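Structure first, then comments.
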Amino acid sequence: MTTVRTHYLHHRIDCEPMAWNAVGKALVAKAPAIEAADGLLYGIWRSQIGQPRDTLNAITVWGEAGAGQAAFMDLLGPTNSVRTQDVTAMTPTLRPLSDTPPRRQGNFAFRWFETPRQNWQEFLDLCAQAWPGFESSYDSQVIGLWKVEDVSQPDVVRSLLLTRRPDLAMWERSKIPQGEKEQAVRDALSRRYDLCSSTYVYTTTLMTAEDREDRERWT
């Protein structure tokens, strides 16, 4: 199935103290308005580990390039308690294959990479090689790998990998291979890691999950 909408935006939204929940719910309420503008609210995530408590991550997807940022800003503008918003335009690579949003709660890791352009194809090949074993070994899912075009860095490919694990314990478990199958997955991911010039990760939970709400206090 091909993606109907292919123009993705990542939004980092910094809120006033203790306002992340109210802002997140206000954005969920604006999902119909996003759809009316030929967009889709792909998901909203709250901070778990690695970002400030009052930072939200959102992803939207749009039918036309350039249309989404202005439309989302218009919707976000009247939302109280938003301090700043940064937007990054992205295009899907190996995944996602459709614009169907993630719906199950879990531990979602946002990992950003900077990869020398000459290493990019091998980076993609290693992802394709490792993902099936990663998903079957750890009850986990690769949600997407998006490419960010940055004209200021023509020799570097910036990308975002979004993965889901059932919980934070499995995130730690997935770093410690057990047996040959898991070691093969880890070897491929370690090689991918070595191809990058920079990488960092933070974990989140899904505010737009349909199965359960995360009520824990993480940060």
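The values are calculated or read from the model by the stated rules, or taken from the named source; none is laboratory data. Since we're looking at a predicted model, the values are computed, not measured. Note that each Cβ is placed from the backbone with ideal geometry, even for glycine, and that neighbours are counted across all protein chains shown.
Does residue 139 satisfy being at positive phi, assigned by TED's automatic domain parsing to the domain that holds residue 183 and not hydroxyl-bearing (Ser, Thr, Tyr)?
yes
For the range 69-97, taking the residues that are modelled with pLDDT of 85 or more and outside any strand (DSSP E or B), the one that is surrounded by the fewest Cβ atoms within 10 Å (Cβ to Cβ) is identified as 97. Just one of the listed residues (60, 55, 100) is outside the structural domain of residue 20 (by TED's automatic domain parsing) and either crowded, with 20+ Cβ neighbours inside 10 Å or modelled with pLDDT of 95 or more (or both), and it is 100. So, in the range 105-153, of the ones that are of a type in the set (D, E, K, R) and at pLDDT below 95, which residue ends up nearest to residue 207 (Cα to Cα)? Looking at the filtered set, the residue picked out is 139. Quick one: in the range 137-155, of everything that is within 19 Å of the chain's Cα centre (by Cα) and of a type in the set (D, E, K, R), which residue is surrounded by the fewest Cβ atoms within 10 Å (Cβ to Cβ)? Ranking the candidates gives 149 first.
Taking residue 114, is it free of Cβ contacts under 8 Å to residues at least 24 places away in the same chain and either touching a Phe, Trp or Tyr at 6+ places or on another chain (Cβ under 6 Å) or not assigned by TED's automatic domain parsing to the domain that holds residue 52 (or both)?
Answer is no for this residue.
Among the residues of the range 112-155, how many are assigned to a helix (DSSP H, G or I) and touching a helix residue (DSSP H, G or I) at 6+ places or on another chain (Cβ under 7 Å)?
11
Restricting to the range 9-37, and then to whatever is over 17 Å from residue 87 (Cα atoms) and not hydrophobic (A, V, I, L, M, F, W, C), can you tell me which residue is surrounded by the fewest Cβ atoms within 10 Å (Cβ to Cβ)? Only one residue tops the list, namely 32.
Taken across the range 197-218, residues that are buried (at least 17 other Cβ atoms within 10 Å of the Cβ) and more than 24 Å from residue 105 (Cα to Cα) do not occur at all. Residues that are farther than 17 Å from residue 143 by Cα and part of a helix (DSSP H, G or I) within the range 189-219 comprise 190, 191, 192, 193, 194, 195, listed in sequence order.
Of all residues in the range 156-179 being touching a strand residue (DSSP E or B) at 6+ places or on another chain (Cβ under 9 Å) and assigned to a loop (DSSP other than H, G, I, E, B), which is surrounded by the most Cβ atoms within 10 Å (Cβ to Cβ)? Give the derivation first.
Step one: filter the range 156-179 for residues touching a strand residue (DSSP E or B) at 6+ places or on another chain (Cβ under 9 Å), giving 156-171, 173-174.
Retained after the next criterion (residues that are assigned to a loop (DSSP other than H, G, I, E, B)): 166-167, 174.
Values: 166: 15, 167: 13, 174: 21.
Filtering the range 156-179 for residues that are touching a strand residue (DSSP E or B) at 6+ places or on another chain (Cβ under 9 Å) and assigned to a loop (DSSP other than H, G, I, E, B), the one surrounded by the most Cβ atoms within 10 Å (Cβ to Cβ) comes out as 174.
Would you be able to say whether some residue in the range 108-118 is crowded, with 19+ Cβ neighbours inside 10 Å, of a type in the set (Val, Ile, Thr) and under 20 Å from residue 190 (Cα atoms)? The answer is yes; a qualifying residue exists.
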